[in-house]
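Q: Encoded as structure tokens, here's the structure I'll be asking about.
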Amino acid sequence: MEKREQLYEGKAKKVYKTDDPELYIVSYKDDATAFDGQKKGTIVGKGVVNNRMSNYLMRLLEKAGVPTHYVQELNDRETVVKKVSIVPLEVIIRNISAGSFAKRYGVEEGIVFDAPTIEFSYKNDELHDPLINAYHARALKLATAGEIETIKSLAFKVNDTLKAYFLSLGVKLVDFKLEFGRLSDGSIVLADEISPDTCRFWDAETNEKLDKDRFRRDLGGVEDAYREMMKRVLGE
Ligand code: ADP
Ligand code: UDP
């Protein structure tokens, strides 16, 4: 499988066509951004960690019955995925208060919820990804009612699977963002990535942050945190 024309360069990844019209290659960069692109930097080795960890988790999720875009890891930074039309929603699941939830509702970080929450943001850079609900998503024709139900149930299944998995590695899965897409037959699959860029991970014993918050909040030890998460997931 070879890369053809570059279709897109995002903040963290590049997307290429291949010789198969149904497959893309994604290439993970070390570039990091935060606060709607206002903060920019490099996290050395991040592309490798995110690529390999995301692929491992997608394979785990497939075994648990969650359909994903994952096809094949080509090398440390590049993966073959099924081409999808991305549903323009950021699907956020939370188990513990943190980040924008804590800020928005004026509560401290670290409150363990009785049940996970789900929220949607409209993926639209010009509008700065505003928070919307399922009715708004339907009104804006971003997804059908059936697709939203599928996305919700898959997102909670991802949470059940990953929460238990990370706890077995001594990591609390605080919150995370998912993206879903439509295959050419219209079926919904999990797409994009699952990594320390898109999840909050706290060490189960010490609550040490092991994710992109170290970059966002200038906590230092950013590369070490990514490496530590890769070590816990992949044993290296
Ligand atoms: P951003 O667009 O937010 O800067 P990235 O740098 O991660 O993010 O770019 C990757 C882009 O590829 C995202 O827009 C994402 O929605 C999209 N994408 C992820 N998986 C697939 C896929 N399987 N098919 C098509 N597009 C995808
Ligand atoms: N997240 C993400 N991309 C975004 C926004 C959020 O991957 O564009 C992830 C983020 O890493 C965290 C979760 O979604 O794990 C919830 O983020 P939150 O809404 O608290 O926003 P933030 O504090 O990152 O602004």
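None of the figures in this text is laboratory data; all of them are computed from the coordinates on show. Quick caveat: nothing in here was measured; it's all calculated off a predicted structure. Quick reminder, even Gly has a Cβ in these numbers, built from the backbone with ideal geometry, and neighbours come from all protein chains shown.
Q: With the contact rule set at Cα under 8 Å and sequence spacing of 6 or more, what percent relative contact order holds for the chain?
A: 18
Q: If you place +1 on the Cβ of every Lys and Arg, -1 on the Cβ of every Asp and Glu, and leave all else neutral, what size is the dipole of the chain about its Cα centre, to the nearest 20 Debye?
A: Dipole about the Cα centre, nearest 20: 140 debye.
Q: Using the structure shown, select from Lys29/Lys82; Lys17/Lys209; Lys13/Lys123; Lys39/Lys82 the pairs with a Cα to Cα distance greater than 27 angstrom.
A: Listed pairs above 27 Å: Lys17/Lys209; Lys39/Lys82.
Q: In addition: Could you give the length gained by full extension between Ala115 and Leu234, i.e. 0.36 nm per residue of separation minus their alpha carbon distance, to one decimal place?
A: Additional length available on full extension: 40.0 nm.
Q: Ok, one more. With the contact rule set at Cα under 8 Å and sequence spacing of 6 or more, what percent relative contact order holds for the range 67-153?
A: Working: 97 pairs, mean separation 18.0, N = 87.
Averaging sequence separation for qualifying contacts and normalising by length gives 21 percent for the range 67-153.
Q: How big is the range 162-236 on each of its three principal axes, counting only the C-alpha atoms and giving the largest first in Å?
A: The Cα atoms of the range 162-236 stretch 45, 27, 22 Å along the principal axes, largest first.
Q: Here's another thing I want to ask about it. Evaluate E = 1/(1 + (r/R0)^6) for Arg104 and Ala164, where r is the Cβ-Cβ distance and R0 equals 35 Å; express this FRET efficiency to the nearest 0.05.
A: Rounded to the nearest 0.05, the efficiency is 0.80.
Q: Taking every alpha carbon pair in the range 81-194, what does the distance histogram look like in 10 angstrom bins from 0, in percent?
A: Per 10 Å bin, starting at zero, the Cα-Cα P(r) for the range 81-194 comes out as 13, 42, 34, 10, 0 percent.
Q: Let me ask you something else. Can you give me the P(r) profile for the chain? Cα pairs, bins 10 angstrom wide beginning at 0, each as a whole percent.
A: 7, 32, 40, 19, 2, 0
Q: In nm, give the distance between the simple-model label positions of Arg59 and Glu22, each being 7 Å from the Cα along the Cα-to-Cβ direction.
A: With each label placed 7 Å out from Cα toward Cβ, I get 2.2 nm.
Q: What percent do you get for the relative contact order of the range 122-230 when only Cα pairs under 8 Å and 6+ apart count?
A: Relative contact order for the range 122-230 comes out at 15 percent.
Q: Give me the extension gain from Glu205 to Leu183: residue separation times 0.36 nm, minus the current Cα-Cα distance, reported in nm with one decimal. Kindly include the intermediate steps, with their values, before the conclusion.
A: On the way: separation 22, 0.36 × 22 = 7.92 nm, distance 4.07 nm.
That works out to 3.9 nm of additional length.
Q: Where does each of 100-110, 198-208, 114-124, 46-56 land if you order them by average Cβ count within 10 Å, highest first?
A: Output ranking for 100-110, 198-208, 114-124, 46-56: 46-56, 198-208, 114-124, 100-110.
Q: Less than 11 Å from a label point 7 Å out along the Cα-to-Cβ axis of Asp36: which backbone N atoms in the range 204-225 qualify, by residue?
A: Nothing falls inside the zone, counting backbone N under 11 Å.
Q: For the charge dipole of the chain, defined by +1 on Lys and Arg C-beta atoms and -1 on Asp and Glu C-beta atoms about the Cα centroid, which residue among Phe113, Ala143, Leu169 has the Cα displaced farthest towards the positive pole?
A: So the residue furthest toward the plus end is Ala143.
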